[in-house]
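Presented below is the structure to which this report refers.
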Amino acid sequence: MNKRDRHELIKSMIRQEKIGRQADIQAGLEKNGVFVTQTTLSRDLRELGLVKIYENGRSYYSLTVEEREEAFSQLLAEYAYKVERASFILVLHSDLGEAALMANIIDAEKPSTVLGTIAGADTLLVICRNEEAAQQVESEINQFLLG
């Protein structure tokens, strides 16, 4: 596996679970048939710009803020098929039953641009901090919706 593919695998692992130790990342790579030295792994983590997040007395690796926002918007775009904005409020339309999933994603991520959510069956209201924040989130989601 080349370096670029290895980096993508590491990012995927970090997005899927809260990994706190390099040894756990290395074990995850090995499960996928990728064997690297600790030195190579340390270099990979540094090049990817991973940061350690401390939450509830536990630390884990996280993507940089920029990559986290992109991953967050991309994840929302997997459920939403349309996003509309009214001032500082976004309305995300989804299939039946998926609005609550999107609300859970937002609530877990706690982005600084969002104050809160209200989920219906197929519609999610996202109350943003201000109109500029709403425009930013709308633009990021549309980037993935519109390709």
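The values are calculated or read from the model by the stated rules, or taken from the named source; none is laboratory data. No experiment lies behind these values; they were computed from the predicted model shown. All Cβ positions, glycine included, derive from the backbone under ideal geometry; neighbour counts span all protein chains shown. Quick note on the areas: whole protein, heavy atoms, side chains included, nothing else; ligands and nucleic acids left out. Shrake-Rupley method; radii C 1.70, N 1.55, O 1.52, S 1.80 Å.
A compact table of results
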{"quantity": "Candidate set from segment 12-39 (those that are β-branched (Val, Ile, Thr) and open to solvent by less than 30 Å² (accessible area, probe 1.4 Å)); member that is nearest to Arg58 (Cα to Cα)", "calculated": "Ile19"}
{"quantity": "Within segment 1-60, considering residues that are modelled with pLDDT of 95 or more and among the acidic types (Asp, Glu), the one nearest to Phe72 (Cα to Cα)", "calculated": "Asp24"}
{"quantity": "Residue in segment 110-125 that is outside any helix (DSSP H, G or I), open to solvent by 30 Å² or more (accessible area, probe 1.4 Å), among the hydroxyl-bearing types (Ser, Thr, Tyr) and within 19 Å of Lys18 (Cβ to Cβ) present", "calculated": "no"}
{"quantity": "Residue list for segment 25-47, restricted to those being assigned to a helix (DSSP H, G or I) and more than 20 Å from the chain's Cα centre (by Cα)", "calculated": "Gln26, Ala27, Leu29, Glu30, Lys31, Gln38, Thr39, Thr40, Leu41, Ser42, Arg43"}
{"quantity": "Which numbered condition Asp107 fails, given (1) acidic (Asp, Glu); (2) touching a helix residue (DSSP H, G or I) at 6+ places or on another chain (Cβ under 9 Å); (3) within 28 Å of Ile14 (Cβ to Cβ)", "calculated": "(2)"}
{"quantity": "Single condition Leu96 does not satisfy, out of (1) touching a His at 6+ places or on another chain (Cβ under 9 Å); (2) assigned to a loop (DSSP other than H, G, I, E, B)", "calculated": "(1)"}
